[in-house]
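In what follows, a structure is listed as structure tokens, so that the remarks can point back to it.
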Amino acid sequence: MAEVLVYVDHVDGAVRKPTLELLTLARRIGDPVAVHLGPGAEDAAKTLGEYGAVKVLAADAPEFADYLVVPKVDALQAAYDAVSPAAVLVPSSADGKEIAARLAVRIGSGLITDAVDLEAGDEGPVATQSVFAAGYTTKSRITRGTPVVTVKPNSAAPEAASAAGTVEQLDVSFGELAQGTRVTSRNAREATGRPELTEAAIVVSGGRGVNGAENFHVIEELADSLGAAVGASRAAVDAGWYPHSNQVGQTGKSVSPQLYVAAGISGAIQHRAGMQTSKTIVAINKDSEAPIFELVDYGVVGDLFQVLPQLTEQVKAR
Ligand code: FAD
């Protein structure tokens, strides 16, 4: 069976969920070969094998320590040269998309970004994308070179499948470009203890209806009771009530959780663009005519300051 390279997103060997989803999708096309860069490959290999990686190509070097993409592209290209895969799958994170794009240019292949599903096809993998502010769903395949595809988090439920997950060392020589950038400073955000917005299974978002930064605690309390991430509409972000890193939508982040709760958000097309592929959508809005109600699975017409605390209480009571 053809091999499919899967780029591993991990924190010191703790494999992140989007990679397990990629392994699940990769198995529809061929045998997943995981590419693990940085420390912790032996720890990661156990998990990667449990989700179907037949092999783990591992490399560790100081160049991988910072958030620089070019050394990682050098390594992924080395894996590509070693395996001649049928496809290369990369998580659709900010750096994942850059890594995939740079690899595609280097190997002369087409690139599909932000796929929400992937199937085997007679002429190569077929990717599903949600496009034009989630107004259309398209299916496409790459017609030139080895398909390079980035896949959005929460696109598939990770399915376990026992495989060897044997670690093999990957020889990487860094090109001149890898030496061309260095990190000069870092500003770490305060840890919230909440899941990363794009990876969370549940997202609770607040909009202009929250009416002030001092009221966002009602959103956070519901989110914390559900183990959810917190999102915000652009109106809330532009007003300075919540950080831009939490903005959902066309000019914010794109999320596709199992459950998306929109409170005090009207449902403008630009907001929908970032959340319309969520599996179940719940809205709380005091205006029964708000456009958000056109796409919800469950809607509550009411004041979020009355509804959310009750909801939080109910969730906590379970
Ligand atoms: P509003 O549209 O003002 O809606 C507030 C809602 O809250 C109303 O429906 C109201 O009925 C309800 N409400 C008020 N009080 C309560 C209450 N007490 N209880 C319950 N409900 C209440 N927007 C994004 O979100 N993300 C983007 O990435 C984005 N990108 C954009 C890019 C471009 C190029 C442009 C032009 C716009 C973009 N926008 C984006 C802005 C978008 O068009 C809307 O202006 C924005 O989404 C509105 O945010 P909102 O729903 O919070 O506010």
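The values are calculated or read from the model by the stated rules, or taken from the named source; none is laboratory data. For clarity, every value in this text was computed on a predicted model and none was experimentally measured. Ideal geometry is used to build each Cβ from the backbone, glycine not excepted, and the neighbour counts take in all protein chains shown.
If Val282 meets every condition in (1) within 18 Å of Val210 (Cα to Cα); (2) within 9 Å of the ligand (Cβ to nearest atom); (3) hydrophobic (A, V, I, L, M, F, W, C) apart from one, which number is that one?
Of (1) within 18 Å of Val210 (Cα to Cα); (2) within 9 Å of the ligand (Cβ to nearest atom); (3) hydrophobic (A, V, I, L, M, F, W, C), only one is false for Val282: (2).
Pull out all pairs, ordered by first then second residue, where Cβ-Cβ is under 7 Å, the residues are six or more apart or on different chains, the first lies in the range 61-77 and is under 14 Å from Leu5 (Cα atoms), and the second is hydroxyl-bearing (Ser, Thr, Tyr) and surrounded by 19 or more Cβ atoms within 10 Å (Cβ to Cβ).
Pairs found: Leu76/Tyr7.
Which residues, counting only those in the range 247-262, are buried (at least 24 other Cβ atoms within 10 Å of the Cβ) and under 10 Å from Ala232 (Cβ atoms)?
Hits for the range 247-262 are Val248, Gly249.
Return the pair list, or none, for Cβ contacts closer than 9 Å from residues in the range 208-228 that are within 21 Å of Ser266 (Cβ to Cβ) and touching a residue at least 60 places away in the same chain (Cβ under 8 Å) to residues that are part of a helix (DSSP H, G or I) and away from the ligand (no atom under 13 Å from the Cβ), at least 6 apart or on different chains.
Within 9 Å, the pairs are Val218/Thr312; Leu222/Thr312; Leu222/Val315.
If a residue must be over 11 Å from Pro91 (Cα atoms) and modelled with pLDDT of 95 or more, how many such residues does the range 11-37 contain?
Adding up the residues that qualify gives 15.
I'd like to verify a number: residues in the range 226-280 that are closer than 21 Å to Ala156 by Cα and among the charged types (D, E, K, R), how many?
The qualifying residues number 3.
Can you give me the number of residues within the range 116-128 that are modelled with pLDDT under 95 and under 16 Å from the mean Cα position of the chain (by Cα)?
Here the count works out to 1.
Against the definition (more than 7 Å from the ligand (Cβ to nearest atom) and either buried (at least 18 other Cβ atoms within 10 Å of the Cβ) or part of a helix (DSSP H, G or I) (or both)), how does Gln310 come out, yes or no?
Considered against the rule, which asks whether it is more than 7 Å from the ligand (Cβ to nearest atom) and either buried (at least 18 other Cβ atoms within 10 Å of the Cβ) or part of a helix (DSSP H, G or I) (or both), Gln310 comes out as yes.
Quick one: in the range 131-155, of everything that is over 16 Å from the mean Cα position of the chain (by Cα) and under 16 Å from Ser278 (Cβ atoms), which residue is surrounded by the fewest Cβ atoms within 10 Å (Cβ to Cβ)?
Ranking the candidates gives Gly135 first.
On the basis of being within 20 Å of Ala127 (Cα to Cα), in contact with a strand residue (DSSP E or B) (Cβ under 8 Å, 6 or more places away or on another chain) and either in contact (Cβ under 8 Å) with a residue 40 or more places away in the chain or in a loop (DSSP other than H, G, I, E, B) (or both), does Leu22 make the cut?
Details: within 20 Å of Ala127 (Cα to Cα): yes; in contact with a strand residue (DSSP E or B) (Cβ under 8 Å, 6 or more places away or on another chain): yes; either in contact (Cβ under 8 Å) with a residue 40 or more places away in the chain or in a loop (DSSP other than H, G, I, E, B) (or both): yes.
Yes: the conditions hold for Leu22.
Pairs, please: C-beta under 7 Å, at least 6 apart or cross-chain, first residue among the polar types (S, T, N, Q) and in the range 270-286, second surrounded by 22 or more Cβ atoms within 10 Å (Cβ to Cβ) and assigned to a loop (DSSP other than H, G, I, E, B)?
Pairs that qualify, where the first residue is among the polar types (S, T, N, Q) and the partner is surrounded by 22 or more Cβ atoms within 10 Å (Cβ to Cβ) and assigned to a loop (DSSP other than H, G, I, E, B), are Gln270/Gly249; Thr277/Ser256; Ser278/Val255; Ser278/Ser256; Ser278/Pro257; Asn285/Gly264.
Got a sec? Which of Arg234, Arg208, Arg272 is over 24 Å from the mean Cα position of the chain (by Cα), within 9 Å of the ligand (Cβ to nearest atom) and crowded, with 16+ Cβ neighbours inside 10 Å? Even if it seems obvious, please write down each step before you answer.
Values: Arg234 fails: over 24 Å from the mean Cα position of the chain (by Cα); Arg272 fails: over 24 Å from the mean Cα position of the chain (by Cα).
The conditions single out Arg208.
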